[in-house]
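Just so you know, all these numbers are worked out from the coordinates, no wet-lab data involved. Source: prediction; values computed, not measured. So basically every Cβ, Gly included, is an ideal-geometry build from the backbone, and we count neighbours across all protein chains shown.
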């Protein structure tokens with residue numbers, strides 16, 4: 001992969017990307033999943049399976065089958081942004 005004029009090995013690429021917005025949310029996504037945590041909108045967090053829902057139409061955050069990936073993405077967001085523990 002080429003970034004600017006620097007060649008980056010495949011193994012050095014990030015597997016997930018964080019977003020820390022000034023608009024009141026944090027988000028993290030990887031190739032398959034996208035999780036958004038809203039600071040001031042309690043109960044409005046979002047989780048999307050980008051493989052089966054690329055247009056982010058169906059928020060699956062409250063589905064029991066999503067609990068494991070949600071916890072993984074929360075930990076990943078915390079690691080990437082070095083913020084406090086996120087709660088749902």
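Structure above, values below:
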{"quantity": "FRET efficiency, 1/(1 + (r/R0)^6) with R0 22 Å, evaluated for residue 79 and residue 32 via beta carbons", "calculated": "0.80"}
{"quantity": "Taking 16, 52 and counting other C-beta atoms within 10 Å, the order from fewest to most", "calculated": "52, 16"}
{"quantity": "Debye-sum result for the stretch 16-81 in log10 I(q)/I(0), which assumes one identical scatterer on each alpha carbon, at q = 0.22 Å⁻¹", "calculated": "-0.93"}
